[in-house]
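A quick write-up on the structure given underneath.
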Amino acid sequence: MTTASTLFFDRSSAILAHLEETGQFKQLQMIESPMGPRISIRGKGEVDCFCSNNYLGLANHPDVVEAGIEGLRKYGAGTASVRFICGTFAPHVALEERIASFLGVEASYTFVSCWNATEATFPTLCQDGDVIVSDELNHACIIDSMRLTTSIHRGVSKCIYKHSHMESLREALVIASKKCSNEGSIFVITDGVFSMEGDIALLPDIRSLCNEFCAVLVVDDSHGTGVMGETGRGTHEHYDMAGNEIDIFTGTLGKALGGGAGGYVAGKREAVELLTQRGRPTLFSNALPVTVACSAKAAIDTLDGNPSLVQKLRANVAAVREGIGEVGFEVLKSPTAICPIIVGETATAISMSNKLLDMGVFAIGFGYPVVPEGTARIRVQVSAAHEQDHIDRLCVALSELKGD
Ligand SMILES: *Cc1c(COP(=O)(O)O)cnc(C)c1O
């Protein structure tokens, strides 16, 4: 007998079969070692890892690991509570103060992920009459946060501008000013470093446009924090901007800052406090695990105490970008640790990535729906933990691929 549920399961297996047939099915590789420049994958052995967000090599840094263990021993495995009931532990507050001082802003508040932090931000901070202005290539969590906002607050509108196109941003702001009510606010949101292009937002220009239109500037610097700027403060530091020139930051602890998990909102005290009081993920979902808070704080301390980590990352980025170019692939020009090699079709990117893995180099192919159709790519990510021999092996593998 055909029931509604068999229809659903048949439909789902047809979708999965289609993904397999068209070469779009993702194999999840099983890692059997800590995250590092060289990792062990079940069935593949040891490979050079060029696809993690472990930009500073802190994911398995002894001080970061030790801080987590100490936190686990002292505070146990779980908070068993959301923050406002009995889930705010000393390490949460210490971490939040550390994030705020690191970024040079008034306050910060943590979430279990940056996805969660972003999902909390706009629905909580916006009200009817507001307008959100967003770069077309912003991260998926920003897009979903805006969708959620406009479905909760029907009177909030959004304007999308062309990627890093300042004339288009100005036009969007002109439209936003017309749509915005008298009591309304305009928010401009951008990634600091764009995760799929590896390019950086034009923050000084965006800041002055925000000033001109009295807009609140929100920057998600998940790929920029720990990476960009002389001391790894992020994309604003790359431009010699102070932290408090950005009204609100969102960011992740799951990349350069230890790579565990967790996200935060940081910036003006009013915004952070409003999220603490009213954010739905805050009110209805558990606190960041304390051990993760301890590790993340140790990661920031380690970064702050070792500016050479950021310098080494920068040197490695230059070497990898030069190497990719010498092999004959084109990589989008940028100072970031994300080096995308555009190859076109999703199936091509996945097959190239599989060949690289067979040669002992782990770099993932991204296709639709993560990036627009026709712009599939191999995304090479650089870490301060890479040594010259890792980079050499990457270049040899890429040149064999080029010769194919
Ligand atoms: C990775 C990333 C996120 C997601 O961070 P999580 O903490 O893993 O949820 C959010 N925004 C941007 C721009 C990212 O690159």
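A short reminder: the numbers here are calculations on the coordinates, not readings from a lab. As the structure is a prediction and not an experimental result, all values here were calculated from the model. Neighbour counts run over all protein chains shown; Cβ positions are idealised from the backbone, glycine included.
For a footprinting-style exposure proxy, rank Cys339, Cys159 by other Cβ within 10 Å, fewest first.
Working: Cys339 25, Cys159 19.
Listed from fewest to most nearby Cβ atoms, that is Cys159, Cys339.
As an exercise, use a Förster radius of 45 Å and the Cβ-Cβ distance of Asp10 and Ala315 to find the FRET efficiency, rounded to the nearest 0.05.
Numbers: r = 54 Å, r/R0 = 1.20.
Plugging the Cβ-Cβ distance into 1/(1 + (r/R0)^6) gives 0.25.
How large is ³J(HN,Hα) for each residue in region 186-191, as worked out from phi by the Karplus curve 6.51 cos²θ - 1.76 cosθ + 1.60 (θ = phi - 60°), to whole Hz, x for Gly and Pro?
Each residue's phi maps through the Karplus curve to give 9, 10, 10, 10, 9, 5 Hz.
For the chain, what does the relative contact order come out to in percent, with C-alpha contacts under 8 Å and a separation of six or more? All intermediate terms of the calculation are to be shown ahead of the outcome.
Numbers: 846 pairs, mean separation 90.7, N = 404.
For the chain, the relative contact order is 22 percent.
Just want to confirm a number: the relative contact order over region 1-55, from Cα pairs under 8 angstrom separated by 6+ residues, in percent. Don't skip to the end; give the middle numbers.
Numbers: 35 pairs, mean separation 10.0, N = 55.
Once divided by the residue count of region 1-55, the mean separation gives 18 percent.
Taking the Cα atoms of the chain alone, what are Rg (to one decimal) and Dmax (as a whole number) in Å?
21.7, 67
Which one of Glu136, Glu230, Glu32 has the biggest mean-square fluctuation once the chain is modelled by GNM with Cα springs under 10 Å?
Highest fluctuation of the listed residues: Glu32.
Indicate, rounded to the nearest 5 percent, the antiparallel portion of the DSSP beta bridges found entirely in the chain.
Once the DSSP bridges in the chain are tallied, antiparallel ones form about 55 percent.
Compute the distance from the alpha-carbon center of region 159-176 to that of region 43-94, in whole Å.
If we compute the Cα centre of each part, the gap is 39 Å.
Write down the Å³ per residue value for the convex hull defined by the alpha carbon atoms of region 254-404. Show your work: numbers first, answer last.
Working: hull volume 24.8 nm³, N = 151.
Enclosed volume per residue, from the Cα hull, is 164 Å³.
Quick one: Karplus J couplings for region 247-257, per residue in order, coefficients 6.51, -1.76, 1.60, θ = phi - 60°, nearest Hz, x for Gly and Pro?
5, 9, 9, 10, x, 10, 9, x, 10, 5, 7
Which three semi-axes in whole Å describe the equivalent ellipsoid of region 80-200, each the square root of 5 times a Cα gyration tensor eigenvalue, listed largest first? Intermediate results must be reported in sequence, preceding the final value.
Details: eigenvalues 164, 69, 35 Å².
Rounded to whole Å, the semi-axes are 29, 19, 13.
Given 0.36 nm per residue, what is the gain on full extension from Leu202 to Phe84 after removing their alpha carbon distance, in nm? Provide the component values of the computation, followed by the final result.
Working: separation 118, 0.36 × 118 = 42.48 nm, distance 3.72 nm.
Contour length minus Cα-Cα distance gives 38.8 nm.
Quick one: which residues, 5 or more positions from Gly263 or on another chain, have an amide H under 5 Å from its amide H? H modelled 1.01 Å from N in the peptide plane, none for Pro or chain starts.
Phe111, Val112, Ser113, Cys114, Leu253
Hey, got a sec? Which trypsin sites (Lys or Arg not before Pro) in region 111-195 land in a DSSP loop and have at most 10 other Cβ atoms within 10 Å?
Working: sites: Arg147, Arg154, Lys158, Lys162, Arg170, Lys178, Lys179; in loops: Arg154, Lys162.
Here the sparse-neighbourhood loop sites are Arg154.
Quick one: Cα convex hull volume of region 258-345, Å³ per residue?
Values: hull volume 15.7 nm³, N = 88.
Spread over its residues, the Cα hull of region 258-345 gives 178 Å³ apiece.
Rank these for me by crowding, Val227, Val64, going from fewest to most other beta carbons within 10 Å.
Working: Val227 31, Val64 25.
Neighbour counts put them in this order, fewest first: Val64, Val227.
Take every Cα pair under 8 Å in region 212-343 that's 6+ residues apart, average their separations, divide by the length, and report that relative contact order as a whole percent.
Averaging sequence separation for qualifying contacts and normalising by length gives 19 percent for region 212-343.
Given R₀ = 25 Å, what would the calculated FRET efficiency be for Ile152 paired with Cys214, taking r from the Cβ atoms and rounding to 0.05?
Values: r = 24 Å, r/R0 = 0.95.
In this case the efficiency is close to 0.55.
Which ³J(HN,Hα) values in Hz, rounded to whole numbers, follow from the phi angles of region 288-303 under the Karplus curve 6.51 cos²θ - 1.76 cosθ + 1.60, where θ = phi - 60° and Gly and Pro get x?
For region 288-303, the Karplus-derived couplings read 4, x, 4, 4, 5, 4, 5, 5, 5, 5, 4, 5, 5, 4, 5, 4 Hz, x marking Gly and Pro.
By count of other Cβ within 10 Å, fewest leading, how are Asp304, Asp191, Asp10, Asp404 ordered? Kindly include the intermediate steps, with their values, before the conclusion.
On the way: Asp304 15, Asp191 27, Asp10 11, Asp404 7.
Sorted ascending by nearby Cβ count, the order is Asp404, Asp10, Asp304, Asp191.
Kirkwood hydrodynamic radius, region 297-344, all distinct C-alpha pairs: what's the number in Å? List each step's numbers first, then the result.
Values: mean 1/r = 0.0816 Å⁻¹.
The Cα-based Kirkwood calculation yields 12.3 Å.
Need one number: convex hull volume per residue for region 1-102, Cα atoms only, in Å³.
On the way: hull volume 25.6 nm³, N = 102.
In region 1-102, the Cα convex hull volume per residue is 251 Å³.
Express in whole angstrom the spacing between the alpha-carbon centres of region 116-141 and region 178-193.
Taking the Cα centre of region 178-193 as reference, the centre of region 116-141 is 9 Å away.
Longer than 24 Å from Cα to Cα, which of Lys158/Lys297; Lys333/Lys402; Lys74/Lys297; Lys255/Lys297; Lys162/Lys268; Lys268/Lys297 are they? Say none if no pair is.
Details: Lys158/Lys297 35 Å; Lys333/Lys402 19 Å; Lys74/Lys297 16 Å; Lys255/Lys297 13 Å; Lys162/Lys268 28 Å; Lys268/Lys297 21 Å.
Distance filter (> 24 Å) returns Lys158/Lys297; Lys162/Lys268.
So, by mean Cβ neighbours within 10 angstrom, what's the order for 193-201, 291-299, 325-333 with the highest one leading?
Values: 193-201: 22.9, 291-299: 26.8, 325-333: 14.4.
Taking the mean over residues of other Cβ atoms within 10 Å, the ranking is 291-299, 193-201, 325-333.
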